[in-house]
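Undergrad: Please read through the structure below; I'll follow up with questions.
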Amino acid sequence: MTITAVVTAFEPGQSLLDTCEVAARQVDEIIVVDDGSPSDVSTVLNHCRELGYVVIESETNKGIAHALNVGVQHALDTGADAVLTLDQDTVLDDDYVEKGIAHLELARSLGLPDVMLSTSLINDLVAPFWFAHKGLTLAFEPIQSGMIITRSLFEKIGLFEEELFIDCVETEFYLRARANGGHALVIPGSRMEHQMGRPMVWSPRWPISLLLRSSSGRLEFRGDAPFRHYYIMRNRWTVYRRYARSEPLWCMVSVLKDSLARGGLFVAGDHRLARIYLTLSGLRAGIRGDTGRVPERVLRRARLS
């Protein structure tokens, strides 16, 4: 089975090389797609070329869905049986793809050829999972990095939706796959390290600080950049509107899960007013059916540009 890795990059640094180095030992080809980095990243990309990776550069920033599609199409055109998608800051365990291939073969033997696989552990935390189907664990909402997607699934449902730009791109793909008879499976025993969001620190007042049970009274965590709240809300609204009838239980659980995550950042994250404003702007955009990049006027009003 031929496996090609598509690694999306934006303003890449050493982490891109680390990601590719581990993946290159497990796949047949590495394709790096730079999504229009505004800075000079030629040194890193040229190093990738020297290591034998295919490097594709976009002239402008068109979003992760476009970058993925460029890489995936190249992989399919050159004969890949399945595509591994990776962010530039993800490091797989050394046997990740081996376990993935074994699970693909098991799924095929059970009559499930059109599948997408995702990790079992992210930073040693259990990835959200759903029900079981034919004895195989179904992912609840697989993250894009670390997914292994079969050629037959791409041929059945198409590529990623570029109008979403960023955030929920893999969620829409996942729900579209389910709607067309595809399955998202968890790879048993698989693990990867993935940088999720930016490091943040919250220093609440007493008595909340006592509940943290920390000598410093501080809570350290990671969270999304404020501008992503616009995309998350807009694109989730788009996804819920499309799949509420066919996936009512999934949508209800997703709303609860995401509300807790967003609410936590409203309380403990930085730029709290900007996050609230961008969330409301994203909701309004989702209701109107807007797509593409966040308008510059929205970022200006949020004082992020």
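The values are calculated or read from the model by the stated rules, or taken from the named source; none is laboratory data. All values reported here derive from a predicted model rather than from experimental measurement. Neighbour counts are summed over all protein chains in view; Cβ atoms, including those assigned to glycine, are modelled from backbone coordinates with ideal geometry. Please note that ligands, DNA and RNA were not included when accessible areas were found on the heavy atoms of the full protein model with its side chains. Shrake-Rupley method; radii C 1.70, N 1.55, O 1.52, S 1.80 Å.
Undergrad: For residue 116, what residues show an amide H to amide H distance below 5 Å, using hydrogens built from the backbone and excluding near sequence neighbours?
TA: 183, 184, 185
Undergrad: Output wanted: per-residue J couplings in Hz (rounded whole) for the range 29-40, from phi through Karplus 6.51 cos²θ - 1.76 cosθ + 1.60, θ = phi - 60°, x for Gly and Pro.
TA: Karplus-based 3J(HN,Hα) across the range 29-40 equals 8, 10, 10, 9, 10, 8, 8, x, 4, x, 8, 7 Hz.
Undergrad: Which cross-chain or sequence-distant (5 or more) residues have an amide H under 5 Å from the amide H of residue 32, H modelled 1.01 Å from N in plane?
TA: The list, which skips near neighbours in sequence, is 7, 54, 55, 56.
Undergrad: May I ask you to give the percent of accessible area on the chain that is carbon plus sulfur, with a probe radius of 1.4 Å?
TA: Solvent-exposed carbon and sulfur of the chain make up 55 percent of the total.
Undergrad: Order the following by accessible area, largest value first: 53, 277. Probe radius 1.4 Å; ligands, DNA and RNA are ignored.
TA: Largest to smallest exposure gives the sequence 277, 53.
Undergrad: Among 175, 61, 116, whose Cα lies farthest out toward the positive end of the dipole of the chain, if unit charges sit on the beta carbon of Lys, Arg (+1) and Asp, Glu (-1)?
TA: Result: 175.
Undergrad: Using a probe radius of 1.4 Å on heavy atoms only, what accessible surface per residue do you get for the chain? Whole Å² is fine.
TA: Per residue, the chain has an accessible area of 48 Å².
Undergrad: Give a residue-ordered list of calculated ³J(HN,Hα) values for the range 52-68 (Karplus: 6.51 cos²θ - 1.76 cosθ + 1.60, θ = phi - 60°; whole Hz; x for Gly, Pro).
TA: After applying 6.51 cos²θ - 1.76 cosθ + 1.60, I find x, 7, 7, 10, 10, 10, 8, 5, 9, 6, 10, x, 5, 5, 5, 4, 4 Hz.
Undergrad: Placing +1 at every Lys and Arg Cβ and -1 at every Asp and Glu Cβ, with all other atoms neutral, what dipole size does the chain have around its Cα centre, in debye to the nearest 20?
TA: It works out to roughly 2000 debye.
Undergrad: What accessible surface, in Å², does a 1.4 Å probe find on residue 15, ignoring ligands, DNA and RNA and rounding to the nearest 10?
TA: Surface open to solvent at residue 15 totals about 50 Å².
Undergrad: Here is a further query. Applying the Karplus parametrisation 6.51 cos²θ - 1.76 cosθ + 1.60 with θ = phi - 60° to the phi angles of the range 84-100, what ³J(HN,Hα) value in whole Hz is obtained for each residue in order, glycine and proline being reported as x?
TA: My calculation for the range 84-100 gives 9, 9, 9, 7, 6, 10, 10, 10, 7, 5, 5, 10, 4, 5, 4, 5, x Hz in order.
Undergrad: If amide hydrogens are placed 1.01 Å from N in the peptide plane, which non-local residues have theirs closer than 5 Å to the one on residue 127?
TA: 121, 122
Undergrad: For the chain, set up a Gaussian network in which alpha carbons nearer than 10 Å are linked by springs, and say which option among 117, 280, 92 fluctuates the most.
TA: In the Gaussian network model the winner is 280.
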